[in-house]
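Report on the following structure.
The values are calculated or read from the model by the stated rules, or taken from the named source; none is laboratory data. On a predicted model such as this, the values are computed, not experimentally measured, just so you know. Here Cβ is always computed from backbone atoms with ideal geometry, including for glycine, and neighbour counts include all displayed protein chains.
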Amino acid sequence: MWITGLHPFKSMTITALRPNSGRPHHRLEPPQALFRDRPRSEKRQLPSSKCCTRNLLDVQVSRGSPLAQHGRNLQILELSGFTLYLSRAQAFGGARYHTASDWHQASVTRTGASHYSASRTDGGPLIERPDRPGSVSLTPAGRERAGVMEGGSLSFIRLEFSDDFLMDACQMDGSRQSMIPIYNDRSEKFRVLIERMTELSEIAERPPVIVMEQLAIAAVRNLAREARLEFGRHDDAWMHPAALQRVVDRIEAEMHEDLSLALLAQDAGLSISAFVRAFRGSTGVSPGEYLIRRRIYRASKLLAGGSIAIKEIARMCGFASHAHLTNVFRSRMGEPPASHRRLSRSMSRT
């Protein structure tokens with residue numbers, strides 16, 4: 001998508017794919033929209049006197065109609081609570097932008113660099129830090145960021161996630177907290193996790209949902225620490241995304257077996273104690289709790305989708321017996337497997 005503004009030869013390219021879901025999307029508006037309904041004195045101050053001496057392009061980004069109808073699609077992954085996509089920008093002559101969202105927006109500069117980049121959040125102090133490969137930025141939900149960028153052709157990996165996803169990933173008790181903005185800073189763990197998610201989405205037509213969810217949880221937990229968010233269990237350990245994927249793949253393929261911590265730790269290339277700490281630090285739950293949740297999830301799908309005997313479902317999902325499945329299922333789901341099956345069938349007929 002090419003958008004021209006205050007100068008006919010200065011432009012900015014922003015490309016992204018957003019699926020047509022019910023959730024609002026980004027919208028690019030004409031340059032004058034950035035200053036619409038603003039007092040004259042305020043127009044002179046955005047984003048800074050230094051920036052206003054340049055003949056820059058104005059771009060406003062907010063949630064509205066999807067970008068897909070305007071530009072060439074690059075890459076997209078959208079799952080419950082978060083969206084991953086690629087975007088690119090060309091601002092050789094300078095570009096001014098304004099962004100606001102009801103979701104948290106994090107980005108990693110993938111390729112390229114800017115000669116000059118500066119931004120401020122909610123009218124706060126101007127932060128001048130150029131974009132470099134690996135630079136991480138975060139605009140928390142409900143905050144507005146305005147800035148300028150000059151020189152260079154850049155590509156970004158962007159991760160947007162809801163506040164509910166953040167609270168689940170960090171196991172927060174319901175008390176809302178605010179993350180601080182991040183301006184082109186370094187967060188190697190977050191970068192590696194996001195790069196791995198992007199690689200998986202590029203090489204696989206349908207990347208494994210469970211792996212992508214666990215990588216997203218690990219990425220958000222690491223980003224929350226960088227943004228000074230305080231949450232329940234503050235475990236500094238983390239697991240490399242490739243190792244985490246091996247462990248998750250093993251659990252999915254062999255959950256009917258009696259999996260041991262020693263076997264999973266071997267897949268991760270760690271000792272048992274280091275593995276437990278790293279897994280909890282990356283996902284927010286212990287390996288044992290994660291395995292139980294996945295067994296319950298698979299059992300619920302099998303109960304709803306067919307006529308397999310409950311005893312056989314218990315064996316397929318790694319439970320010791322029909323009674324074992326019933327006890328665990330009732331404690332987690334609030335109803336025994338037989339009731340869950342009847343309810344699922346009645347709902348499918350309506």
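Numbers below:
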item	result
Condition broken by E188, with the remaining ones in (1) touching a strand residue (DSSP E or B) at 6+ places or on another chain (Cβ under 8 Å); (2) modelled with pLDDT of 90 or more satisfied	(1)
The range 206-219, residues that are at pLDDT 85 or above and either closer than 30 Å to Y116 by Cβ or surrounded by fewer than 19 Cβ atoms within 10 Å (Cβ to Cβ) (or both)	A219
Residue that is farthest from R280 (Cα to Cα), among those in the range 249-262 that are in contact (Cβ under 8 Å) with a residue 40 or more places away in the chain and of a type in the set (A, V, I, L, M)	M255
Checklist (1) closer than 25 Å to L86 by Cβ; (2) outside any helix (DSSP H, G or I); (3) touching a residue at least 40 places away in the same chain (Cβ under 8 Å) applied to A216, failing item	(2)
Qualifying residue in the range 243-266 (condition: closer than 24 Å to L86 by Cα, at pLDDT 90 or above and buried (at least 20 other Cβ atoms within 10 Å of the Cβ))	yes
Leading residue by the ranking (surrounded by the most Cβ atoms within 10 Å (Cβ to Cβ)) among those in the range 267-277 that are of a type in the set (A, V, I, L, M, F, W, C) and modelled with pLDDT under 90	F275
Among residues of the range 140-183, those that are more than 18 Å from L77 (Cα to Cα) and among the hydroxyl-bearing types (S, T, Y), counted	4
Hits in the range 182-205 - residues which are surrounded by fewer than 20 Cβ atoms within 10 Å (Cβ to Cβ) and assigned to a loop (DSSP other than H, G, I, E, B)	A204, E205
Residues of the range 149-169 satisfying the condition of being more than 13 Å from the chain's Cα centre (by Cα), farther than 18 Å from S101 by Cα and hydrophobic (A, V, I, L, M, F, W, C)	M149, L154
Evaluation of M167 against (1) under 16 Å from R88 (Cα atoms); (2) touching an Asp or Glu at 6+ places or on another chain (Cβ under 9 Å) (one fails), failing number	(1)
Residue among L244, L270, L229 that alone is under 24 Å from T109 (Cα atoms), part of a loop (DSSP other than H, G, I, E, B), out of contact with any Asp or Glu (no Cβ under 8 Å at 6 or more places or on another chain) and among the aliphatic types (A, V, I, L, M)	L229
Which numbered condition M179 misses (of (1) outside any strand (DSSP E or B); (2) surrounded by 23 or more Cβ atoms within 10 Å (Cβ to Cβ); (3) within 23 Å of the chain's Cα centre (by Cα))	(2)
The range 247-267, subset among the aliphatic types (A, V, I, L, M) and not in a helix (DSSP H, G or I), residue nearest to I217 (Cα to Cα)	M255
Residues that are crowded, with 16+ Cβ neighbours inside 10 Å, within 16 Å of R88 (Cβ to Cβ) and either charged (D, E, K, R) or touching a residue at least 60 places away in the same chain (Cβ under 8 Å) (or both), drawn from the range 124-149	D131, M149
Residue check for R158: touching a Leu at 6+ places or on another chain (Cβ under 8 Å) and among the charged types (D, E, K, R)	yes
